[in-house]
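The values are calculated or read from the model by the stated rules, or taken from the named source; none is laboratory data. Source: prediction; values computed, not measured. Virtual Cβ from ideal backbone geometry, glycine too; neighbours counted across all protein chains shown. Accessible surface is based on the protein model in full, side chains and every heavy atom, while ligands, DNA and RNA are left aside. Shrake-Rupley method; radii C 1.70, N 1.55, O 1.52, S 1.80 Å.
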Amino acid sequence: MFKKLLPKEHRFFELFEQHAAVVKKGLDLFELLLQNYSRRDELTKQITDTENDADDVAHQIIRLLNNTFVTPFDREDIQTLVNRMDDVMDFVENAGAHLEIYDLPAPPENIDEMLAILQKAFEKLSSAVGMLKDWKHREAIFQICVEVNSLENQGDAVLRTSLERLFKGASDPFYVIKAKEIYESLEDAIDRCEDLSNVIEAIIIKNA
């Protein structure tokens, strides 16, 4: 009871939103990479720099967590929230890095469709993260979580279709391996969005 009466550290919410904004920037840069593939050296570096920026914000949140007595919600949930957002950026950076390392002549087919699903899911989650500061938004947050789960299913379907076409149509086995890794990095990022939605949903339920 005493703990509930103490003031909570509201800088967490500012940092959550800052973290989400950096990850969103990384997704937008990946979209720019697909649209301007001849600039991949320059743009993959920008994506890597953005991933480092996301790490910096994550570290700020963890430092604040370690130095704050009363947190907005459970410490474990804050840690997991930060980790899942960071994971999304990590997998996108990994996909961009391998496009450059493998020096593919063009992005694999349907990568733009997978990215669009990822961007839509993370955009919704970014909105939900911003709503966490006020529990009156809990019904809207629950709806976002449902929508993100549906988008994850769409991502699975696009991945299956893409892999099927890849295995049937590509004559170069090395290209198959390279393209498959890039597809799976984006699918992992979409999966982390679903994980993030589950974390947010758990936070709302615990604090209802």
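Among residues that are in contact with a Lys or Arg (Cβ under 8 Å, 6 or more places away or on another chain) and farther than 23 Å from residue 203 by Cβ, residue 10 is not included. When 104, 99 are checked against the criterion of being touching a helix residue (DSSP H, G or I) at 6+ places or on another chain (Cβ under 8 Å), buried (at least 19 other Cβ atoms within 10 Å of the Cβ), in contact (Cβ under 8 Å) with a residue 24 or more places away in the chain and not aromatic (Phe, Trp, Tyr), 99 stands alone in meeting it. For residue 110, the conditions (1) open to solvent by 20 Å² or more (accessible area, probe 1.4 Å); (2) at negative phi all hold with the exception of (2). Beta carbons closer than 8 Å, at least 6 apart along the sequence or on distinct chains, pair a first residue in the range 26-45 that is in a helix (DSSP H, G or I) with a second that is acidic (Asp, Glu) and open to solvent by 20 Å² or more (accessible area, probe 1.4 Å) for 26/51; 26/93; 31/112; 34/112; 40/100; 41/100; 44/100.
The set of residues in the range 171-199 that are without any contact (Cβ under 8 Å) to a residue 12 or more places away in the chain and open to solvent by less than 30 Å² (accessible area, probe 1.4 Å) contains only 176.
Just a yes or no: is a residue in the range 70-86 of a type in the set (Phe, Trp, Tyr) and part of a loop (DSSP other than H, G, I, E, B)? Yes, the range 70-86 contains a residue that is of a type in the set (Phe, Trp, Tyr) and part of a loop (DSSP other than H, G, I, E, B). Residue 181 meets the stated requirement of being over 14 Å from the mean Cα position of the chain (by Cα) and either more than 12 Å from residue 114 (Cβ to Cβ) or modelled with pLDDT under 95 (or both). In the set 112, 87, only one residue is under 21 Å from residue 52 (Cβ atoms) and among the acidic types (Asp, Glu); that residue is 87. Can you tell me which residue in the range 135-165 is surrounded by the most Cβ atoms within 10 Å (Cβ to Cβ), limited to those that are farther than 16 Å from residue 118 by Cα and either in contact with a helix residue (DSSP H, G or I) (Cβ under 7 Å, 6 or more places away or on another chain) or touching a residue at least 60 places away in the same chain (Cβ under 8 Å) (or both)? By that ranking, first place goes to 141.
Taken together, 54, 128, 116 contain a single residue that is assigned to a helix (DSSP H, G or I) and open to solvent by 10 Å² or more (accessible area, probe 1.4 Å), which is 116.
Quick one: would you say residue 168 is surrounded by fewer than 21 Cβ atoms within 10 Å (Cβ to Cβ), in contact (Cβ under 8 Å) with a residue 12 or more places away in the chain and more than 20 Å from residue 117 (Cα to Cα)? It is false that residue 168 is surrounded by fewer than 21 Cβ atoms within 10 Å (Cβ to Cβ), in contact (Cβ under 8 Å) with a residue 12 or more places away in the chain and more than 20 Å from residue 117 (Cα to Cα).
Please state which one of 68, 80 is touching a residue at least 12 places away in the same chain (Cβ under 8 Å), within 17 Å of the chain's Cα centre (by Cα) and open to solvent by 10 Å² or more (accessible area, probe 1.4 Å). The match here is 80.
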